[in-house]
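Structure record follows, encoded as structure tokens.
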Amino acid sequence: MKKVLALTLTLVMILSVVGSAMAAGKVGVSMPTKSLQRWNEDGDYLKAQFEAAGYEVELQYAGDNDVPTQVAQLETMLLNGCNVLVITAIDATSLGTVLATAKEAGVKVVCHDRIILDTDAVDYYATFDNFQVGEIQGQYVVDTLGLADGKGPFNIEFIAGDPGDNNATYFFNGAMSKVQQYLDNGQLVCVSGQTTFDKVATPKWTTATAQARMDDIIAANYAGGTPLDVVLCSNDSTAQGATNALVAAGFEVGKNFPIITGQDCDIASVKNIIKGLQSMSIFKDTRILAARTVTIVNSVLAGEPVETNSTVNNHVFDVPTFYCLPLFADVNNYEELLIGSGYYTAESLAD
């Protein structure tokens, strides 16, 4: 309950600052895709909170993670007179030219959730601690299996995210920082042998791609009754792919269904958590991230100091950054964390 109260109070305080600013200006908000629940929510929250603060908002989604579309939309936003660009980049290294144009025009750029690399034409970054997200997932596996107590061996497989998304490596490396020692000493065994990011990455984070790969892993390594104890998935769309493959292969909840991790608390995955088809998901309250992004823009346009709590190097310089707090949800706390904070209603999670 303390976490929910703290989360709610943080959101109320940030929103009060956002709502009182009533700043003038036009903000371009560039989202990667509408195919994932996460980005629809982020876009909606950003648009609503910027408008509440007095901004005109141009919100665009770049097809289905199409980089040329995102570039073209950003160019249009500049032509349409946006004072600030808030960007969730599809590919961390593909926006240098259009952002150089923005910098030349004096347009400020805020990286939203994903850092943009190899350019000096960004100003601030609002996100969650994405390495910590992976650490929470990995630690959940360690704690649930009792690895620190010497239990094992257990079989594990990995499904990571999009290679073009810089966050995907943070998630994967954070998780591996917790489980690598147990792979090294044999308490965890990856039967497929696929333990490097390039082997386990999932282009565009798509459920179908994750499912197809999991189908292949099961057929090649687990069809003969070899137990599968963990599928460490970096987010919910890949977790849903793993779940679909496992169910199709005959794995059963309460019998031989593995631990499955996730991230974003998508409605479909929270329902799976309730059913026992997914073990946990990272809750990144995108209302708070959107509100923090608005406060950054307010400060930038007002010429006031911007509150940050870290920096992230984008291969050119240390970008001033604000990290919001990730938490995890499972069957024991999802009602308190997700429904109690007003993020979801009980009805939205019912079948």
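Would you kindly identify the helices (runs of 4 or more DSSP H) lying entirely within segment 161-269 that contain at least 1 residues that are farther than 30 Å from residue 314 by Cβ?
Per the criteria, 166-184, 207-221, 236-248.
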When you go through 239, 245 one by one, which is the residue that is at pLDDT 95 or above, aliphatic (A, V, I, L, M), within 20 Å of residue 203 (Cα to Cα) and under 15 Å from the mean Cα position of the chain (by Cα)? 239
Applying the selection to segment 34-60, what residues are hydroxyl-bearing (Ser, Thr, Tyr) and touching a Gly at 6+ places or on another chain (Cβ under 7 Å)? 55
So which pairs qualify, if the first residue must be in segment 238-256 and in the same structural domain as residue 168 (by TED's automatic domain parsing) and on the phi < 0 side of the Ramachandran plot, the second must be of a type in the set (Phe, Trp, Tyr) and assigned to a helix (DSSP H, G or I), the Cβ gap must be under 8 Å, and the two must be at least 6 apart or on different chains? 238/205
Select the strands (runs of 3 or more DSSP E) contained entirely in segment 68-157, then report the ones holding at least 2 residues which are farther than 22 Å from residue 292 by Cα. none
Could you list all residues from segment 79-104 that are crowded, with 17+ Cβ neighbours inside 10 Å and farther than 26 Å from residue 162 by Cα? 82, 83, 84, 102
Consider residue 273 carefully, then state whether it is within 24 Å of residue 44 (Cβ to Cβ), among the aliphatic types (A, V, I, L, M), surrounded by 14 or more Cβ atoms within 10 Å (Cβ to Cβ) and over 17 Å from the mean Cα position of the chain (by Cα). yes
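The values are calculated or read from the model by the stated rules, or taken from the named source; none is laboratory data. Source: prediction; values computed, not measured. Cβ sites come from the backbone with ideal geometry, for glycine too, and all protein chains shown count toward neighbours.
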